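Here is the structure we will look at, set down as structure tokens.
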Amino acid sequence: MAFKAQETEYTQPTQADVDESIRKYGRDIYNDFDLDAPVFNDQHFEILDDLVEKCPVVHSTVGKGYYLVSQNTLVREVGQNWRTFSAAGGYMPNRPDGLPFLYPEESDPPVHTSWRQELNPFMGPKVIKGYEEQIREDANILIDAIIDKGKCEFVSEFAAVLPGWAFFKNVLGVPVEDLDKLVDGVESGTFSPDLDERGRKMGFVFQYLGDYLKKRSEEPPRGDMVDMIAEGVTYEDGSKSPWEHRVSVLVDMTFGGIATTTYVMASAINWLAENPEQRKLLVDDPETYMPRAIEEFARVFAPVVALGRTCTRDVELGGRQLKEGDFVMMVYAGASRDPRVVDEAKTIDITRETVLHSAFGVGIHRCIGSNLARLELRATFEELLRRIPEFHVVEPPTHVSGFLRSMRTLKIAW
Amino acid sequence: MKVHIEVGVDGGQQGCTGHGRCAMMAGEFYEVDDDGYAIHRGETVDVPAGLEDAARYGAGVCPERVIQIEE
């Protein structure tokens with residue numbers, strides 16, 4: 001159990017490793033990586049395992065170029081040190097010029113601290129617990145709509161819907177009649193294969209959220225997170241957060257929680273369909289296995305594959321010299337599969353007593369919605385397994401991958 | 001046995017960031033506040049007899065690896 005001191009010697013991939021990579025993936029993933037390459041979608045886990053096992057610091061030549069670290073200790077070294085690895089340059093590599101920054105995710109202290117300490121109470125375990133009944137009810141509404149059909153396309157009919165309902169109904173309190181277009185806007189705005197559509201839907205959600213925040217700022221307060229964001233925070237220099245910062249906070253909170261949980265939820269259902277013995281454990285003894293299963297699914301089905309930081313100074317990382325301004329990505333999905341900290345890291349096993357993972361990130365930008373995500377997953381698995389304890393896969397799932405990973409379709413029947 | 005949870009002053013160093021995993025894993029020993037942060041962060045506390053395994057398990061799942069066990 002004791003945590004081993006950080007290894008200071010890093011082994012580089014050998015020529016044989018590089019040759020094998022070219023043979024298996026059609027490219028040198030260690031020196032010529034591309035998050036958006038189709039092969040990273042198709043051979044996702046195999047590539048993650050090679051990165052984490054064989055190469056401490058991976059390089060990509062795409063655009064301006066970027067680096068990636070996957071080992072658990074290196075991901076923490078970056079994530080836990082905002083002074084050297086700043087979030088203020090954005091979390092995406094090759095970020096398009098002119099794109100507005102999302103606060104607090106794309107900021108450092110003290111701006112980050114000002115927002116985060118005000119936002120945290122609205123997403124803490126105590127407040128989130130209050131949403132449980134509504135989320136369970138919503139899970140059952142979605143199950144009602146599919147149960148008699150004997151089959152469903154689980155992503156569009158459940159997994160892409162429930163997280164949106166949970167967030168928009170409980171956290172934002174938007175009118176119910178706007179739910180469908182918002183859920184579709186976030187989902188298509190993040191994952192649509194048609195990039196024009198992606199931009200249009202994203203634009204719609206931005207516009208909606210900006211208008212909603214304005215409207216709420218003129219209404220009597222409800223005492224919720226939206227009121228707090230509309231009111232804004234006071235920065236360290238005494239200035240009030242500008243209106244556009246407040247809108248960006250609302251956008252950040254919205255996109256952070258909705259398009260991500262879908263992947264864990266749908267992947268877990270796919271896996272449970274194909275592993276009836278472990279599914280039976282969950283059905284028979286949820287008290288023991290549900291908490292373990294939720295963490296194990298978050299560990300192996302990481303929706304946030306990697307987020308980046310900008311070096312604020314020349315720094316040595318994982319045995320490689322990086323320069324001020326270099327962009328380095330933390331591969332959370334890899335850090336959760338690091339055999340140095342997880343036994344049998346490639347095996348999915350919901351009976352693991354302890355699960356160490358980095359699915360919600362590390363450091364001050366730790367996912368603020370982690371408590372809500374866990375509740376959505378628990379409500380889904382408990383209600384679905386209670387009402388549909390046996391189901392099977394009709395058509396294998398399809399995925400989309402980049403710095404996020406999601407499932408496009410999953411056809412199941414019972 | 002003692003447990004020390006690092007606090008991470010000003011975010012400039014490693015510390016508790018409120019994942020809450022310790023309390024989920026071993027609620028008989030670890031507690032979090034309403035925001036999800038370990039209530040004993042920044043302190044070194046004695047582990048009551050019988051809760052040594054709980055203390056170890058909670059430390060083992062901390063994503064920040066900031067719970068130190070002193071045997």
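The residue pairs whose first member lies in segment A:31-56 and is basic (Lys, Arg), whose second member is in a loop (DSSP other than H, G, I, E, B), and whose beta carbons are closer than 8 Å, counting only pairs six or more residues apart or on different chains, are A:LYS54/A:THR11; A:LYS54/A:PRO13; A:LYS54/A:TYR30. Test A:GLY256 against the stated conditions and say whether it is surrounded by fewer than 22 Cβ atoms within 10 Å (Cβ to Cβ) and within 20 Å of A:HIS365 (Cβ to Cβ). So A:GLY256 fits the description; yes.
Evaluate the following for A:PRO389: is it in a strand (DSSP E or B) and more than 30 Å from A:TYR91 (Cβ to Cβ)? Taking the combined requirement at face value, the residue does not satisfy it. Considering segment A:223-338, the qualifying helices (runs of 4 or more DSSP H), each wholly inside and each with 3 or more residues that are farther than 15 Å from A:ARG378 by Cα, run over A:225-231, A:243-274, A:276-284, A:332-335.
Against the test of being under 17 Å from A:ARG116 (Cα atoms) and touching an Asp or Glu at 6+ places or on another chain (Cβ under 7 Å), the options A:VAL233, A:VAL226 yield a single qualifying residue, A:VAL233. Strands (runs of 3 or more DSSP E) fully within chain B that include at least 3 residues being touching a residue at least 60 places away in the same chain (Cβ under 8 Å) and out of contact with any helix residue (DSSP H, G or I) (no Cβ under 6 Å at 6 or more places or on another chain): B:2-5. Across segment B:32-56, the number of residues qualifying as of a type in the set (Asp, Glu), more than 7 Å from chain A (Cβ to nearest Cβ) and surrounded by 14 or more Cβ atoms within 10 Å (Cβ to Cβ) comes to 2. List the residue pairs whose Cβ atoms are under 7 Å apart, where the first residue sits in segment A:196-222 and is closer than 16 Å to A:PHE167 by Cβ, the second is assigned to a loop (DSSP other than H, G, I, E, B) and of a type in the set (Val, Ile, Thr), and the two are 6 or more positions apart or on different chains. Cβ pairs passing all conditions: A:TYR212/A:VAL174. Just wondering, is there one or more residues in segment A:303-321 that are surrounded by fewer than 22 Cβ atoms within 10 Å (Cβ to Cβ), among the acidic types (Asp, Glu) and within 13 Å of chain B (Cβ to nearest Cβ)? Checked segment A:303-321: no residue is surrounded by fewer than 22 Cβ atoms within 10 Å (Cβ to Cβ), among the acidic types (Asp, Glu) and within 13 Å of chain B (Cβ to nearest Cβ).
Selection within segment A:120-177: residues that are assigned to a loop (DSSP other than H, G, I, E, B) and not hydrophobic (A, V, I, L, M, F, W, C). The member of this set that is nearest to the other protein chains (Cβ to nearest Cβ) is A:GLY124. In segment A:26-71, of all residues being more than 21 Å from A:CYS311 (Cα to Cα) and among the aromatic types (Phe, Trp, Tyr), the one that is surrounded by the most Cβ atoms within 10 Å (Cβ to Cβ) corresponds to A:PHE40. Just the residues that are surrounded by 17 or more Cβ atoms within 10 Å (Cβ to Cβ), more than 11 Å from every other protein chain (Cβ to nearest Cβ) and in contact with a Ser or Thr (Cβ under 6 Å, 6 or more places away or on another chain), please, taken from segment A:87-119. Listed by number, the residues that qualify are A:GLY89, A:LEU102, A:TYR103. Scan segment A:338-359 for residues that are within 14 Å of chain B (Cβ to nearest Cβ), within 30 Å of A:ASP285 (Cα to Cα) and out of contact with any Gly (no Cβ under 7 Å at 6 or more places or on another chain) and the total you get is 10. The condition (being touching a Leu at 6+ places or on another chain (Cβ under 9 Å) and either crowded, with 20+ Cβ neighbours inside 10 Å or of a type outside the set (Gly, Ala, Ser) (or both)) is satisfied by just one residue among A:ASP224, A:ASP180: A:ASP224. Which ones in segment A:360-379 are more than 8 Å from chain B (Cβ to nearest Cβ), hydrophobic (A, V, I, L, M, F, W, C) and in contact with a Ser or Thr (Cβ under 6 Å, 6 or more places away or on another chain)? Scanning segment A:360-379 gives a single hit, A:ALA373.
We did not get these values from a lab; they are worked out from the coordinates using the rules stated. Every value quoted in this text rests on a predicted model; they were computed, and no experiment measured them. We place every Cβ from the backbone using ideal geometry, glycine too, and count neighbours over all the protein chains shown.
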